[in-house]
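To start, the structure under review is shown below, and the notes come after it.
The values are calculated or read from the model by the stated rules, or taken from the named source; none is laboratory data. Here the structure is a predicted model, which is why all the values come from computation and not from measurement. Note that we place each Cβ from the backbone using ideal geometry, even for glycine, and neighbour counts take in every protein chain shown. The protein model used for the area step is the full one, side chains on, heavy atoms only, and it has no ligands, DNA or RNA in it. Shrake-Rupley method; radii C 1.70, N 1.55, O 1.52, S 1.80 Å.
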Amino acid sequence: MVEVQLDAEHDYPQGLLIAFSACTTVLVAVHLFALMISTCILPNIEAVSNVHNLNSVKESPHERMHRHIELAWAFSTVIGTLLFLAEVVLLCWVKFLPLKKKSDNSHQSNNSTITSGQAAAIASTSIMVPFGLIFIVFAVHFYRSLVSHKTDRQFQELNELAEFARLQDQLDHRGDAISSAVTHFA
């Protein structure tokens, strides 16, 4: 994903390097998992879409693996995007942290305790954290909207089935009433 050339003379914090390495590795693994699921499922979806037999649709692997498809979507979209945002922040820290202060013989007096590299890393972090929070709020809102819609749809289908069962029950009892009337006149 990212090629990093570390400054050999700078003493990086061990936690920063471990976090950067782990984030990069997990980011690649998550996207490869999502790609694998998508690659395995897509041919089945295309094959089933060309068949006009409803039983074939119900027997298709993509119907049985519905949870795996949703998991791949969640990994790639939600977790992958959060990991990417974290990766950008960690990359800024790794790249900018070695930058030193300007020499003391400059005309400006620099009483700051942080280096320009640290300031750049802090700036990138302070920009990415609100975007990450906005992304999380949007993802939660979007997911809740999807779940609400799916729940409403299921409720509507259950009501339709209940109405169908009620009508079927009425038709069954009407048949009983006709047969009892026939035996009554016989």
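3J(HN,Hα) along segment 135-146, derived from phi through the Karplus expression 6.51 cos²θ - 1.76 cosθ + 1.60 where θ = phi - 60°, amounts to 4, 4, 4, 5, 4, 5, 4, 5, 5, 5, 5, 5 Hz, with x in place of Gly and Pro. Ranked by solvent-accessible area (1.4 Å probe, protein heavy atoms only, all chains present), the residues T113, T81 order from largest to smallest as T113, T81. Remark: segment 109-166 carries 79 Å² of accessible area per residue (probe radius 1.4 Å; ligands, DNA and RNA excluded).
Sorted on the mean count of surrounding Cβ atoms within 10 Å across their residues, most packed first, peptides 7-13, 132-138, 83-89 read 83-89, 132-138, 7-13. For the pair N159 and H10 in one chain, pulling the backbone fully straight at 0.36 nm per residue adds 46.9 nm over the alpha carbon distance.
Eigen-decomposition of the gyration tensor built on the alpha-carbon atoms of segment 133-173 gives equivalent ellipsoid semi-axes of 39, 4, 4 angstrom, largest listed first. For E70 and L99, the difference between the fully extended length at 0.36 nm per residue and the C-alpha to C-alpha distance is 6.1 nm.
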